[in-house]
Structures are given as C-alpha cells and as structure tokens.
Amino acid sequence: MRYWIAGIVLVLAGCSHSENLSDFDRLPKPVQAAFIAAHPYGEVDHPKKETAADGSERYVLPYKQPGGATGQATYAVTGELLDGE
C-alpha cells in the first residue's frame, strides 16, 4: 500500500526517470545520426535517457569537441533536437 501511494505522489508531482547509458551505440539510431550530423568530431561522455511522467523519452548527450570545448544536446527519440546545440 505504501508503494502504491508513493507511486501516485511521484506521478502527480511530474517526476521523471533517468537512466545512464554506458555506450553511444545503445542510443536510438535517429539520435546517433542527428548527433553525428551536428557534431561530426564530438565525443559523447555518459549519455543519459530520461523518461518524463507522460512516458515521453529524451536523450541527454554531454559531449566534448576535439579542441576541448564541451556542450550538451538533448534529443527526442526521433532525433529531433530539443535543447542544446
């Protein structure tokens, strides 16, 4: 019963779930393609999959460019850029 109530509280609060992905190859192909097109020489460091309360998924990709500059890009499962560069 306690778990059920806690689950309702989390859903009502709009919490999201995130999962660390250890490998770029585990990302959906459209996300991989979009990132490579935007950052052909970028190196992804510990990408993360986030699932919102409504069930939608997005992928957060922190990256590093060869010159040392860093950034972060967030993509929908379709490869659409949601946030970042």
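The numbers here are math on the coordinates, done by the rules we state, and not lab data. These numbers come from a predicted model, not from an experiment. Backbone-built Cβ (ideal geometry, glycine too); neighbour counts: all protein chains shown.
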**Fill in**
The convex hull of the Cα atoms of the stretch 16-84, divided by residue count, gives a volume in Å³ per residue of 77
**Prompt:** Given H placed 1.01 Å from N in the peptide plane, which residues other than close sequence neighbours of Val77 have an amide H under 5 Å from its amide H?
**Reply:** Glu57
**Item:** In Hz, Karplus ³J(HN,Hα) per residue of the stretch 30-36 (6.51, -1.76, 1.60; θ = phi - 60°; x = Gly, Pro)
**Value:** x, 5, 4, 4, 5, 5, 5
**Request:** State, to one decimal in nm, how far the label point of Thr74 lies from the label point of Glu43, with both points 7 Å from Cα in the Cβ direction.
**Result:** 2.6
**Item:** 5 angstrom amide H check on Gln72, placed H, neighbours 5+ away
**Value:** Tyr63, Glu85
